[in-house]
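In what follows, a single structure is set out as structure tokens and then discussed.
The values are calculated or read from the model by the stated rules, or taken from the named source; none is laboratory data. Note that the structure is a prediction, hence the values are computed from the model and not measured. Note: ideal-geometry Cβ built from the backbone for every residue, glycine included; neighbour counts use all protein chains shown. Only protein heavy atoms, including side chains, enter the accessible area calculation; ligands, DNA and RNA are left aside. Shrake-Rupley method; radii C 1.70, N 1.55, O 1.52, S 1.80 Å.
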Amino acid sequence: MTAIDAKALGAGAPSRAAQMWDQANWSQIEAEVKRLQVRIAKATREGRYGKVKALQRLLTRSHSGKMLAVKRVTENRGKRTPGVDGRIWPSPAARWNGMVSLRHRGYRAMPLRRVYIPKSNGKKRPLGIPCMRCRAMQALWKLALEPVAETLADANSYGFRLGRSTADAIEQCFNVLARRASPEWILEGDIRGCFDNFSHSWFLENIPMDKAVLRKWLQAGYIDEGTLFESRAGTPQGGVISPVIANMALDGLEAAVHASAGTSRRARNKAQLNVVRYADDCVPRRRNEGKSSKRHAA
């Protein structure tokens, strides 16, 4: 083989980074992440938040956590949608190098790219598209935060949750309304501009994760038609971790509704209060105190 032939073969050979990505043992990686997530959920149930923090740090610095985070953001529907830097990670080499770049020290969140998608009512919904590195970092922290969120979540919360769907919310509505003595009043609620108006200070005080990283995401701002805008409130629709922290902010609504009926179990049973929530859409129901058997929608 001549030197020219060897050079030609070498040019077509996969890079070291591509080989490292392609040779990943995904079953082992997923098992390692799952093991840490189970430990985080257990510590949350026991109220040991110091241990939760230590385990989250372990997961978000782990090779397995970083690999799985990059895998998820490069295999979802938005994998070909770039952020403000115009970059995506389409190749195995790019994915490996992206994984290596997930370091907390010196991390800076880039502004989001603002896009608009049409809604069924003719209006447009604003979405904030993070760059790939921020997307992967959010996916990494989602792995560490989701066990806490799932452990503390409202019983009848169905939106953007593991193993739950719109069909499950519909089924719960049916279960509540199909009884012989079912609630007679049905109220549909939708929080106006919910994602846009969450309090940053509440997130920073109550979301159990690295506050410095969370602050960078919340205050990254967004670029719309070439202009940089500040973000002083809310969490962007389109962010990987946004549904998780939004659900955590809304958890407690169910308990608050039940508390309105009184402190005793008998009073709560008599009121027949039920809440089914899908993200920021909720359907509270209560028994009508009057004699009418008609159901009303408001």
>> If I take R0 = 41 Å and measure r between the Cβ atoms of Val38 and Arg16 in this structure, what FRET efficiency does the formula 1/(1 + (r/R0)^6) give, to the nearest 0.05?
In response: 0.75
>> Loop-only GluC sites (Glu not before Pro) in segment 21-64, please: DSSP not H, G, I, E or B, and at most 12 other Cβ atoms within 10 Å.
In response: Glu46
> With θ set to phi - 60° and the Karplus curve 6.51 cos²θ - 1.76 cosθ + 1.60, what are the ³J(HN,Hα) couplings of segment 25-30 in order, to the nearest whole Hz, using x for Gly and Pro?
Replying inline: 8, 5, 5, 5, 4, 5
> What is the extension gain from Arg108 to Ser201, computed as 0.36 nm multiplied by their sequence separation minus the C-alpha to C-alpha distance, in nm to one decimal?
Replying inline: 31.5 nm
>> Quick check: pseudo-label points 7 Å beyond the Cα along Cα→Cβ at Asn175 and Ala54, how many nm apart are they?
In response: 3.7 nm
>> Roughly how far apart, in whole Å, are the Cα centres of segment 226-240 and segment 154-188?
In response: 32 Å
> For segment 24-99, what is the accessible area per residue in Å², given a 1.4 Å probe and the full set of protein chains?
Replying inline: 57 Å²
> Leaving out ligands, DNA and RNA, what percent of the accessible area of the chain is carbon and sulfur, probe 1.4 Å?
Replying inline: 52 percent
> Whose amide H sits under 5 Å from the amide H of Cys194, counting only residues 5 or more places off or on another chain, with H placed in the peptide plane?
Replying inline: none
>> If the only charges are +1 at each Lys and Arg Cβ and -1 at each Asp and Glu Cβ, what is the size of the charge dipole of the chain around the Cα centre, to the nearest 20 debye?
In response: 460 debye
> What does the accessible area per residue of segment 138-257 come to in Å², with a 1.4 Å probe and no ligands, DNA or RNA counted?
Replying inline: 50 Å²
>> If I ignore ligands, DNA and RNA and count only protein heavy atoms, how much of His104 is accessible to a 1.4 Å probe, in Å² to the nearest 10?
In response: 30 Å²
>> With +1 on the Cβ of every Lys and Arg and -1 on the Cβ of every Asp and Glu, and nothing else charged, how large is the dipole of segment 27-101 about its Cα centre, in debye rounded to the nearest 20?
In response: 260 debye
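Give a quick list of GluC sites (Glu not before Pro) in segment 195-266 that DSSP marks as loop, anything other than H, G, I, E or B, with at most 15 other Cβ atoms within 10 Å.
Those that pass, being in a loop and sparsely packed, are Glu225, Glu230.
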>> Restricting to DSSP loop positions (anything but H, G, I, E, B) with no more than 11 other Cβ atoms inside 10 Å of their own Cβ, which GluC sites (Glu not before Pro) remain in segment 162-198?
In response: Glu188
>> Test of understanding: given the chain, find the longest segment containing no chymotrypsin sites (Phe, Trp or Tyr not before Pro) that are in a DSSP loop and have at most 15 other Cβ atoms within 10 Å.
In response: 161-298
> Just from its helices, what would the mean residue ellipticity at 222 nm be for the chain, if runs of 4 or more DSSP H residues each count -39500 (n - 2.57) and the sum is divided by every residue, rounded to the nearest 500 deg cm²/dmol?
Replying inline: -14000 deg cm²/dmol
> Residue farthest toward the positive end of the dipole of the chain, with Cβ of Lys/Arg at +1 and Asp/Glu at -1: which of Ile29, Asn197, Ile40?
Replying inline: Ile40
> Classify the chain: rounded, prolate or oblate, from the alpha-carbon gyration tensor (a ≥ b ≥ c, eigenvalue square roots; a/c under 1.5 rounded; otherwise prolate if a/b is larger than b/c)?
Replying inline: prolate
